[in-house]
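Note sheet for the following structure.
The values are calculated or read from the model by the stated rules, or taken from the named source; none is laboratory data. All values derive from a computational prediction rather than experimental measurement. Every residue, glycine among them, receives a Cβ derived from its backbone with ideal geometry; neighbour counts consider all protein chains shown. Calculation scope for accessible area: heavy atoms of the full protein, side chains included, ligands and nucleic acids excluded. Shrake-Rupley method; radii C 1.70, N 1.55, O 1.52, S 1.80 Å.
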Amino acid sequence: MNDVDARMDRLRRAARYRYQQLVESEIERGSLDPDEVREERRLLKAADVAAHARAQIEEAERRGVFEGNPYHGKPLPGNDGQHDPDWWIKSKIEREDIRGIAPPALALRTEDAELDDALDALSVESDVRDVLVDFNARVKEARRQLLGGPPVVTPLRDVDAEIQQWAERREARLASAAQAAEQLRLESRPRRWWRRRG
């Protein structure tokens, strides 16, 4: 803290002390309402906190703490002007891809969007059937619960149709992989520089 800041701090404390003494003497005489005084003190504390915060920010800017910060002088992303008290936790969940704590309706929507990729990672039809049956059971259970929250709009999956689509996608992937392997084999085959003449 430099000399100017120290002097301002001392003056602020002295003014606060003088004001407090004046207010207490006025309360004793009965000319001030104690509730009004309490409210005024609360406002003064809030003003002191705001001034202190501004001073700390200015000091940090002078030291270069905010250099390289992509949000310095810009509004925070996702702040659309609407008051949402949970904005920070929603952004953390999205940024860190946290799963398992969302309401069932939202978790099932996310799982539904990623279900085809999860099924494509499986190689046995019985495993695909088990995953689809489990998914449908969880959708039905979420629809039955009356816990509040967003409604469950995730559709049930037709197990037989999904298995058929999974098999078609698997055959297409296998054919594509076989074609790529054959192309690689042809490209890596040694070339002959001469031709036989007959």
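Here are the numbers for the structure shown:
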read-out	value
In region 86-99, the residues that are open to solvent by 80 Å² or more (accessible area, probe 1.4 Å) and of a type outside the set (Phe, Trp, Tyr)	Lys90, Glu94, Arg95, Glu96, Asp97, Arg99
Residue match in region 177-184 (condition: surrounded by 10 or more Cβ atoms within 10 Å (Cβ to Cβ), touching a residue at least 12 places away in the same chain (Cβ under 8 Å) and not hydrophobic (A, V, I, L, M, F, W, C))	no
Subset of region 21-70 [touching a helix residue (DSSP H, G or I) at 6+ places or on another chain (Cβ under 9 Å) and modelled with pLDDT under 70]	Val23, Glu24, Glu26, Ile27, Leu32, Asp33, Pro34, Val37, Glu40, Arg41, Leu44
Test: residue in region 167-185 that is at pLDDT below 85, charged (D, E, K, R) and in a helix (DSSP H, G or I)	yes
Residues being modelled with pLDDT of 90 or more, open to solvent by less than 60 Å² (accessible area, probe 1.4 Å) and outside any helix (DSSP H, G or I) - total across region 152-166	1
Residue, nearest to Arg16 (Cα to Cα), within region 47-72, restricted to residues that are of a type in the set (Gly, Ala, Ser) and surrounded by 10 or more Cβ atoms within 10 Å (Cβ to Cβ)	Ala47
Single condition Val139 does not satisfy, out of (1) closer than 14 Å to Asp116 by Cα; (2) hydrophobic (A, V, I, L, M, F, W, C); (3) open to solvent by less than 60 Å² (accessible area, probe 1.4 Å)	(1)
